[in-house]
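Participant: Mind having a look at this structure? Questions to follow.
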Amino acid sequence: MKLPSKSKILLIISLTSVIIFFLYFLGYPKEKIPTYIADKKTNSSSIPKPQGKSNLVFSILKTGEAKTLEGFVKEGGSVFKTVTVAHSAFYIQHPKGNFLFDTGLGSKVKEQFQIFPLYLKLLMDYKPFQTAYEQLESNGITPKSIQDVYFSHLHWDHASGLKDFPWAKIHSLPEELNDPKIELGYIPSQFDGDSVHWSHLKFSNTPYASYAKSLDLYGDGTVVFVPMKGHSEGSVGLFLHTDNGEVFFLTGDIVWRREGFLEKKHKPRGARWIVDFDTESLGEEIARVHDLIQNNPTLQIIPAHDNDVQSALGFFPKVIGR
């Protein structure tokens with residue numbers, strides 16, 4: 001019997017190694033996510049109702065997008081299915097004040113993006129649309145009416161438009177500035193310098209649903225921020241109770257697609273290596289939101305990049321919640 005040549009053996013070993021690494025990169029074997037166990041110090045998993053009638057509505061401002069394979073945005077996703085990643089800002093309108101939650105891609109995104117190394121440029125390539133500033137202005141909303149901009153976190157595709165609103169107070173958790181490295185998805189030029197009017201978020205020890213801490217922005221239960229673990233050092237989620245009685249939860253980048261919460265799945269392992277701060281606590285956060293969905297069937301989850309969820313609700317100038 002003729003034995004295979006050394007070159008063939010090396011080729012087989014090399015191809016096998018590449019396939020194994022690729023599968024590992026995509027998330028196989030899958031990262032185990034624990035079952036959520038409620039903290040006795042917090043309330044139940046039921047979401048509290050606001051005090052009185054809400055008059056809040058909001059809009060989703062899509063500032064750009066990217067096309068990629070589902071397997072690159074969800075653990076266990078298909079490598080044969082293409083999905084759209086949205087880069088969005090959220091415009092919240094409340095009688096006590098209108099504000100933005102994230103800014104999406106801003107006016108300087110092209111030059112900001114050049115700071116990334118080649119591998120990040122390839123992984124994070126994007127197609128820009130109108131900025132949040134431009135969309136507001138072109139629809140008759142004076143951008144200077146936005147006096148506050150809140151952030152789920154300060155990764156490049158969320159904070160790119162921060163300096164498009166130089167007069168506004170900028171709200172994030174201070175932990176976001178602990179170690180904003182380029183290789184972790186931050187672009188420091190988006191939020192550095194003395195021109196940024198920081199007003200860092202401070203949570204009280206007031207439980208909200210299954211969160212031990214919260215910030216009820218207007219004191220009426222319609223706009224409630226909560227700290228979310230795992231994706232970055234200072235990730236923040238936002239509960240919105242709208243005029244028509246619906247409840248929305250803006251979850252930033254805890255997962256990139258809603259199925260991550262429904263099916264209790266992480267991002268692919270390769271993506272987690274780059275963008276996630278702590279996998280274990282991130283898994284706990286995914287389990288917590290999964291539990292909230294199970295206990296609040298009408299709750300509408302909006303991950304920051306899930307184009308399918310956002311397009312079904314409608315993009316600005318569509319008003320949601322009226």
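Participant: Using modelled backbone amide H atoms (1.01 Å from N, in-plane), which distant-in-sequence or interchain residues come within less than 5 Å of PHE316's amide H?
Facilitator: HN-HN under 5 Å from PHE316: ILE60, LEU61, LYS62.
Participant: Considering Cα pairs under 8 angstrom that are at least six residues apart, work out the relative contact order of the range 224-309 and quote it in whole percent.
Facilitator: 37 percent
Participant: Next question, about the same structure. Would you mind telling me which residue in SER199, SER78, SER14 has the biggest mean-square fluctuation in a Gaussian network model of the chain, where springs connect alpha carbons within a distance under 10 angstrom?
Facilitator: Greatest mean-square fluctuation among the candidates belongs to SER14.
Participant: Could the peptides 209-219, 253-263, 230-240 be put in order, highest first, of the mean number of other beta-carbon atoms found within 10 Å of their residues?
Facilitator: 230-240, 253-263, 209-219
Participant: Also, I was wondering about something else. Angle, helix 279-295 long axis vs. longest principal axis of the chain, Cα atoms, 0 to 90°, nearest 10?
Facilitator: 60 degrees
Participant: Here's a follow-up. Net charge near ASP179, counting Lys/Arg +1 and Asp/Glu -1 over other residues with Cβ under 13 Å of its Cβ?
Facilitator: Value of the local net charge: -4.
Participant: So if I place +1 on the C-beta of Lys and Arg and -1 on the C-beta of Asp and Glu, and nothing else carries charge, what would the dipole magnitude of the range 171-226 be about its Cα centre? I want it in debye, nearest 20.
Facilitator: Around 180 debye, computed over the range 171-226.
Participant: Using Cα atoms only, what is the angle between the long axis of helix 6-26 and the major principal axis of the chain, expressed in degrees (0 to 90) to the nearest 10?
Facilitator: 10 degrees
Participant: Okay, moving on. With +1 on each Lys and Arg Cβ and -1 on each Asp and Glu Cβ, how big is the dipole of the chain about its Cα centre, in debye rounded to the nearest 20?
Facilitator: With Lys and Arg at +1 and Asp and Glu at -1, about 880 debye.
Participant: Another one. With springs only between Cα atoms under 10 Å, which of THR63, THR298, THR103 fluctuates most in a Gaussian network model of the chain?
Facilitator: Among THR63, THR298, THR103, the largest GNM mean-square fluctuation belongs to THR298.
Participant: Okay, next question. Please compute the length gained on full extension between ARG322 and HIS200, using 0.36 nm multiplied by the number of residues separating them and subtracting their Cα-Cα distance.
Facilitator: This chain segment gains 40.9 nm when fully extended.
Participant: With equal scatterers on the alpha carbons only and no solvent term, can you work out the Debye log10 of I(q)/I(0) for the range 8-313 at 0.08, 0.15 1/Å?
Facilitator: -0.35, -1.24
Participant: Net charge within 11 Å of ALA168 by Cβ-Cβ distance, Lys/Arg positive one each and Asp/Glu negative one each, not counting ALA168 itself?
Facilitator: Residues close to ALA168 contribute a combined charge of +1.
Participant: If you don't mind, another one. Using amide H atoms built in the peptide plane, which far-off residues or other-chain residues are under 5 Å from SER214 H to H?
Facilitator: When sequence neighbours closer than 5 places are left aside, the close amide H contacts are SER204, THR206.
Participant: Say we join alpha carbon atoms closer than 10 Å with springs in a Gaussian network model of the chain; which of GLN51, GLN300, GLN112 then has the biggest fluctuation?
Facilitator: Checking each option, the largest mean-square fluctuation is seen for GLN51.
Participant: Moving to a separate point now. A 20 angstrom limit on the alpha carbon distance is what I want to check against. Which of LYS127/LYS181; LYS62/LYS265; LYS229/LYS265; LYS30/LYS74; LYS74/LYS229 exceed it?
Facilitator: Among LYS127/LYS181; LYS62/LYS265; LYS229/LYS265; LYS30/LYS74; LYS74/LYS229, the Cα-Cα distance tops 20 Å for LYS127/LYS181; LYS62/LYS265.
Laboratory data are not the source of any read-out in this text; all were calculated from the coordinates shown. Because the structure is predicted, anything quoted here is derived from the model rather than measured. Because the Cβ atoms are built from the backbone with ideal geometry, glycine has one as well, and the counts that use them run over all protein chains shown.
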